[in-house]
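J.: Below is the structure I would like to discuss, written out as structure tokens.
The values are calculated or read from the model by the stated rules, or taken from the named source; none is laboratory data. Model, not experiment: these values are computed from the prediction. FYI the Cβ positions are ideal-geometry reconstructions off the backbone, even for glycines, and counts take in every protein chain you see. To get the accessible areas, we keep the full protein, side chains included, count just its heavy atoms, and leave off ligands, DNA and RNA. Shrake-Rupley method; radii C 1.70, N 1.55, O 1.52, S 1.80 Å.
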Amino acid sequence: MTHLWPSSIELLTIILMALTTYFTRTVGFVWLRKHKLSPRAQAVLASSPCCVMVSVVAPYFMTTDPKTLVCLAFCMVVAFKFSLGVTICSSVLFMALLQHLF
């Protein structure tokens with residue numbers, strides 16, 4: 001039987017990953033807040049969340065697990081129609097459903 005809720009270690013890992021991602025996103029803005037940034041530097045800082053998401057998801061494309069591959073396909077379809085937040089939330093829920101059912 002699969003559990004739908006994460007264990008305390010998994011929850012701690014998720015929280016630490018979220019804090020690390022948030023920290024890396026904000027440290028550049030805080031550190032450079034008194035400097036005038038070029039449009040190119042602003043674009044780099046604005047694109048960093050997408051780079052983090054790609055680095056987290058990319059290794060899963062190397063799997064042979066059918067559930068993961070189906071979820072990746074679902075994620076790509078949703079990503080063409082909806083925003084990043086909707087894509088992430090729906091993909092996580094879809095994977096949880098697949099893990100629970102199979």
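J.: Might you work out the accessible area of residue 95 for me, using a 1.4 Å probe with all protein chains in place, and round it to the nearest 10 Å²?
T.: Residue 95 exposes around 40 Å² with every protein chain in place.
J.: Between residue 81 and residue 60, with labels modelled 7 Å along Cα→Cβ, what's the label distance in nm to one decimal, could you check?
T.: Each label point is offset 7 Å from its Cα along the Cβ direction, giving 1.8 nm.
J.: Something else now. For the chain, what % of the accessible area comes from carbon and sulfur atoms, probe 1.4 Å?
T.: On the way: 6460 of 8450 Å².
Solvent-exposed carbon and sulfur of the chain make up 76 percent of the total.
J.: Could you provide, to the nearest whole Å², the per residue accessible area of the chain with probe 1.4 Å? List each step's numbers first, then the result.
T.: Values: 8450 Å² over 102 residues.
Per-residue accessible area for the chain comes out at 83 Å².
J.: Restricting to DSSP H runs of at least four residues, report the calculated mean residue ellipticity at 222 nm for the chain, -39500 (n - 2.57) per run over all residues, nearest 500 deg cm²/dmol. Could the numbers behind the result be given before it?
T.: Numbers: 4 runs with 77 residues, N = 102.
Theoretical 222 nm ellipticity from helices: -26000 deg cm²/dmol.
J.: Can you work out D for the chain in µm² s⁻¹ from Stokes-Einstein, where Rh is the Kirkwood radius over C-alpha pairs, the temperature is 10 °C and the viscosity is 1.306 mPa s? Working shown, then result.
T.: Values: Rh = 16.0 Å.
It comes out at roughly 99 µm²/s.
J.: Counting only the backbone N, which residues of region 54-68 are under 17 Å from the spot 7 Å out from the Cα of residue 98 toward its beta-carbon?
T.: Taking a point 7 Å out along Cα→Cβ of residue 98, the residues of region 54-68 whose backbone N falls under 17 Å are 56-68.
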